[in-house]
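Participant: Sharing a structure here in structure tokens format.
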Ligand SMILES: Nc1ncnc2c1ncn2[C@@H]1O[C@H](COP(=O)(O)OP(=O)(O)OP(=O)(O)O)[C@@H](O)[C@H]1O
């Protein structure tokens, strides 16, 4: 797939229309009221051309001042009523549409923050960012400014044509000369602008993605001296976006030219017909004047209507991209489902707190193989394992053997190419209530309580304190302002081990039936390792859990151990069984045990010489953080 193609779905025109009507339909009473007020306002202003025609006839016939004054007052009254009602109707409609849009915006944000990480990774985060910023903005603008204007213009156009027909059908027919040109202009523009605006949005999002990647991977880019390559790529993408924008401008200019042609054709036809009809005595000069004024009045609203096609088109493109995201939240998207693992920092049960597990489900992995996109080489081959309900499994193996990949698949972040993973009765990624903690947990800006309540928004302070105590994070309870202590760059900075500690407390609060821990204690600094190890044991207790054991100590405490070698299962059993078997695990353990006993030697990554513990380079595919 080209980097310039987003993979998040876009709703088609029918689906977008249905969704819009559904949302508007929920407020049909208010919608009808605002349209009625607008209609009243438009009808009042339409009195103007015939009254002005009467003025012409009155002056021509030499009528007295009194008659002219009455006509003048009528004009003033019609203008005042028309302006007042149009303004009120426009406001009512704008408020209604803004409310509908606010609902849509909330749904989009909510779905976006719950999107499974693999969806975000494959779509590129800038696609999501572009949708929740540019698209929301385009739709908002159209809704608040364009929609009331367009509705008013549509009503004015319809009623002006009606007024023209009532005056004289021949003048009305002459006025309609402009219609074919208008229709042609609209069709011509719509057929092209949809494609151009869609392209512009996609190209801008691809450019944004590159910028985000460059910022995130700045060190790697510098390390590989790839700045020039990145800048060239960025310039290329910018150029493509600018060229397409230029196409858009050209399109608009030609469209405006067609609009002007239509308007002048219509006015010329009415003036000439009026000339002939007045000359033959078929209509009065006042009627011909009123007809010309009606046609002239059409210039504005038809111009607004066709002119707004541009904004409407842009808003429609934006709307279909937003509906594409909300559909994901309703299980409409490819490969995603509501309730798929939110990862660390989310919780499986929605805003009311965690779903209460109906029991601890069993995990079963059967014949799973998996290769990363774009790579022919599978990183997992024919893996089968079973984690009985409420027990723990430690994944052990050399760096690159596939532990994290397997953990992510079990957590629902990705689907196996072959084989099945089931959690309880459901097959991943549709099984809910799994919780993944990775090494790269995130400290969110805000207080300690905010950081914990992400896992259970309605937890009481006492519950937060209990969770901290249970994972042994007494240090957090001793912070100066307690749960209200602001953490992060603007408050108390925490080291990685402490952030891990909070992440484990979050797991307790979320209380998921299944937990997957990848390197949850790898960041432990001197003195904190044992503390985190105990927290890990507390978090996995009684829960069906899979732990990526980079410290063999973690494996010793697990109910069962599975050793991976080059993406295949080398052996599995309990710690004691594997030691007794004298195979790969026993060798790893002996090496670890020897190292761990030696004072002053770090124990983070044990491994015999043929099992290098060196990670891939910084730019390589370290699983993205979930928190
Ligand atoms: N997103 C990715 N895209 C492509 N290849 C990847 C990606 N993530 C990991 N890999 C590759 O898949 C293989 C298995 O990686 P994985 O991280 O699962 O191993 P691991 O056993 O957890 O390693 P470590 O102990 O270093 O974390 C490695 O060769 C790695 O380079």
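Participant: Hey, can you tell me all the residues within segment 530-557 that are in contact with a strand residue (DSSP E or B) (Cβ under 8 Å, 6 or more places away or on another chain) and within 16 Å of the ligand (Cβ to nearest atom)?
Facilitator: Across segment 530-557, the qualifying residues are 546, 547, 548, 549, 552, 554, 555.
Participant: Shifting gears a bit: Taking the conditions exactly as written (more than 36 Å from the chain's Cα centre (by Cα) and modelled with pLDDT of 85 or more), does residue 185 satisfy them or not? Steps first, please.
Facilitator: Values: more than 36 Å from the chain's Cα centre (by Cα): no; modelled with pLDDT of 85 or more: yes.
Criteria not met by residue 185.
Participant: Here's a follow-up. Give 494, 464 a once-over and let me know the one that is in contact with a helix residue (DSSP H, G or I) (Cβ under 7 Å, 6 or more places away or on another chain), in contact (Cβ under 8 Å) with a residue 12 or more places away in the chain, in the same structural domain as residue 531 (by TED's automatic domain parsing) and not in a strand (DSSP E or B). Spell out how you get there, then give the answer.
Facilitator: Working: 494 fails: in contact with a helix residue (DSSP H, G or I) (Cβ under 7 Å, 6 or more places away or on another chain).
From the options 494, 464, the qualifying one is 464.
Participant: If I go through segment 264-283 residue by residue, how many of them are buried (at least 18 other Cβ atoms within 10 Å of the Cβ) and either over 57 Å from the mean Cα position of the chain (by Cα) or without any contact (Cβ under 8 Å) to a residue 12 or more places away in the chain (or both)?
Facilitator: 2
Participant: Looking at (1) away from the ligand (no atom under 16 Å from the Cβ); (2) buried (at least 20 other Cβ atoms within 10 Å of the Cβ); (3) at pLDDT 80 or above, find the lone condition where residue 347 falls short.
Facilitator: (3)
Participant: For segment 360-403, name all the residues that are in a loop (DSSP other than H, G, I, E, B) and either under 21 Å from residue 515 (Cβ atoms) or more than 16 Å from the ligand (Cβ to nearest atom) (or both). Please lay out each step first, then the result.
Facilitator: We begin by selecting, within segment 360-403, every residue in a loop (DSSP other than H, G, I, E, B); these are 360-362, 371-379, 388-391, 398-402.
Correct list: 360, 361, 362, 388, 389, 390, 391, 402.
Participant: Might you check whether a residue that is more than 30 Å from residue 195 (Cα to Cα), in the same structural domain as residue 199 (by TED's automatic domain parsing) and modelled with pLDDT under 85 occurs anywhere in segment 281-295? Lay out the reasoning, then the answer.
Facilitator: Within segment 281-295, the first condition is being more than 30 Å from residue 195 (Cα to Cα), and the residues that meet it are 281-295.
Add one more test, that the residue is in the same structural domain as residue 199 (by TED's automatic domain parsing), and what stays is 281-295.
Narrowing the set further to residues that are modelled with pLDDT under 85 leaves 295.
Scanning segment 281-295, I find at least one residue that is more than 30 Å from residue 195 (Cα to Cα), in the same structural domain as residue 199 (by TED's automatic domain parsing) and modelled with pLDDT under 85, so the answer is yes.
Participant: List the residue pairs whose Cβ atoms are under 8 Å apart, where the first residue sits in segment 392-406 and is within 10 Å of residue 554 (Cα to Cα), the second is within 6 Å of the ligand (Cβ to nearest atom) and assigned to a helix (DSSP H, G or I), and the two are 6 or more positions apart or on different chains.
Facilitator: 395/403; 396/403
Participant: Collect the residues in segment 146-167 that are in contact with a helix residue (DSSP H, G or I) (Cβ under 8 Å, 6 or more places away or on another chain) and without any contact (Cβ under 8 Å) to a residue 40 or more places away in the chain, keeping them in residue-number order. Steps first, answer last, please.
Facilitator: Of all residues in segment 146-167, those in contact with a helix residue (DSSP H, G or I) (Cβ under 8 Å, 6 or more places away or on another chain) come to 146-157, 159-161, 163-165, 167.
Passing the criteria: only 165.
Participant: What are the residues in segment 497-521 that are within 16 Å of the ligand (Cβ to nearest atom) and either surrounded by fewer than 21 Cβ atoms within 10 Å (Cβ to Cβ) or in a loop (DSSP other than H, G, I, E, B) (or both), if any? Write out each step before concluding.
Facilitator: Residues of segment 497-521 within 16 Å of the ligand (Cβ to nearest atom): 500, 516-521.
Result: 519, 520, 521.
Participant: Of all the helices (runs of 4 or more DSSP H) wholly in segment 40-133, which have at least 3 residues that are at pLDDT below 80?
Facilitator: 65-114, 117-123, 125-130
Participant: Is it fair to say residue 25 is assigned by TED's automatic domain parsing to the domain that holds residue 212, free of Cβ contacts under 8 Å to residues at least 24 places away in the same chain and more than 28 Å from residue 146 (Cα to Cα)?
Facilitator: On the way: assigned by TED's automatic domain parsing to the domain that holds residue 212: yes; free of Cβ contacts under 8 Å to residues at least 24 places away in the same chain: yes; more than 28 Å from residue 146 (Cα to Cα): no.
Judged against the criteria, residue 25 is not a match.
Participant: Quick check on this structure: which one of 171, 176 is more than 31 Å from the chain's Cα centre (by Cα), crowded, with 20+ Cβ neighbours inside 10 Å and over 26 Å from residue 9 (Cα atoms)?
Facilitator: Working: 176 fails: crowded, with 20+ Cβ neighbours inside 10 Å.
After ruling out the rest, the residue left standing is 171.
The values are calculated or read from the model by the stated rules, or taken from the named source; none is laboratory data. Just so it is clear, the structure is predicted and the values come from calculations on it, not from any experiment. Note: ideal-geometry Cβ built from the backbone for every residue, glycine included; neighbour counts use all protein chains shown.
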